[in-house]
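No lab work stands behind these numbers, since they all come straight from the coordinates. Bear in mind that the values here come from a model prediction, so they are computed numbers and not experimental data. Heads up, the Cβs are rebuilt from the backbone with ideal geometry, glycines too, and the neighbour counts pull from every protein chain shown.
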Amino acid sequence: MFGYSPEAEERLARVAAQIDEAERKAERAAQLRDDIAGLQVEFASADGAVRVRVDSLGRLEHLELGEGARQLTAQALSALVMDTVNQARAEAGRQVMGQVEDVFGTGSDLANQMRDTYLPPGLGEDDPGPEPDPGPRAPGFIKWT
């Protein structure tokens, strides 16, 4: 290649291959970042009373209440909104992690690090879901979650 010893040329070739692989990974990471940034998930309750849209981090971007929401008590509507948002968040997390795992591998360090952000406890596939409502509360009590 450059008049070096065969061992040196072999090492240079390996370094060049590693650089090429690093550049390919950087390009894939940049594309993945853009794809994740643009990800949105829309989800509706089974009865259609609540529709939501969340971003890739599960942040609520849009909430729409359908006619069926008028038939619900405030407590039931609150629970339905939270359940619908949590389902949308979980789906967004699954989609993000699917993309990350497709690019970097299921057991990769990056996938493992990102799992805690995109599928935190309570939103993972094996998680039982939100805790059940503890029942009636004193009048005027608002539970913020």
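Can you give me the pair-distance distribution of the range 38-118, C-alpha pairs, 10 Å bins, whole percents?
Result, from short to long distances: 20, 40, 24, 12, 4 percent.
Can you tally the net charge around Glu21? Count Lys and Arg as +1, Asp and Glu as -1, for every other residue whose Cβ sits under 14 Å from the Cβ of Glu21.
Here the count lands on +1.
Where in the range 1-45 are there chymotrypsin sites (Phe, Trp or Tyr not before Pro) that are in a DSSP coil and have at most 13 other Cβ atoms within 10 angstrom of their Cβ?
For chymotrypsin sites (Phe, Trp or Tyr not before Pro) across the range 1-45 that sit outside H, G, I, E and B with at most 13 neighbouring Cβ atoms in 10 Å, the list reads Phe2, Tyr4.
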